[in-house]
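Student: If you scroll down you'll find the structure; I have some questions about it.
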Amino acid sequence: MLLLQQEAAMSVDEDFKLPTKHELDRIISLQEAEQVSSLSPSSWKRNHPDKIVELSPRRLGVRLRDALLLKKSAT
C-alpha cells in the first residue's frame with residue numbers, strides 16, 4: 001500500500017515543471033497578473049509601482065516572477 005502511494009506521489013511530481021529563468025522574466029499584462037497573484041490592476045499601481053513595466057503609454061505589465069512572488073503574500 002505504501003509503495004503505491006509513493007508511486008502516485010512520484011508521478012505527480014514528475015508532471016510538475018518549474019518555470020525557467022526566461023519564463024519568469026516574461027512580462028505579463030496586469031490582467032494576467034491579477035489572475036496569478038489575486039491583486040487587482042489598481043492594487044498593482046497603488047502598492048507596487050516599482051514592479052510595473054511601461055510597455056507603451058497605455059499598456060502596462062509586470063514580470064511573471066513578481067506576480068508569483070506576491071501571490072504568497074496576497075493570500
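Just so it is clear, none of the values below were taken in a lab; they were calculated from the coordinates. It should be emphasised that the depicted structure is a prediction, and the values quoted were computed from it without experimental measurement. A quick note on method: Cβ atoms are made from the backbone with ideal geometry, for glycine too, and the neighbour counts reach across all protein chains shown.
Student: Of all residues in region 20-55, how many are polar (S, T, N, Q) and either part of a loop (DSSP other than H, G, I, E, B) or in contact (Cβ under 8 Å) with a residue 12 or more places away in the chain (or both)?
Tutor: 5
Student: Could you look through region 56-75, keep only residues that are in a helix (DSSP H, G or I) and over 9 Å from the mean Cα position of the chain (by Cα), and pick out the one that is surrounded by the most Cβ atoms within 10 Å (Cβ to Cβ)?
Tutor: As a first pass, look at region 56-75 and keep what is in a helix (DSSP H, G or I): 64-74.
Pick out the ones that are also over 9 Å from the mean Cα position of the chain (by Cα) and you get 72-74.
On the way: 72: 8, 73: 8, 74: 12.
Top of the filtered list is 74.
Student: Scan region 26-55 for residues that are loosely packed, with under 15 Cβ neighbours inside 10 Å and either among the hydroxyl-bearing types (Ser, Thr, Tyr) or over 16 Å from the mean Cα position of the chain (by Cα) (or both) and jot them down.
Tutor: Answer for region 26-55, where residues must be loosely packed, with under 15 Cβ neighbours inside 10 Å and either among the hydroxyl-bearing types (Ser, Thr, Tyr) or over 16 Å from the mean Cα position of the chain (by Cα) (or both): 29, 38, 40, 42, 45, 46, 47, 49, 50, 54, 55.
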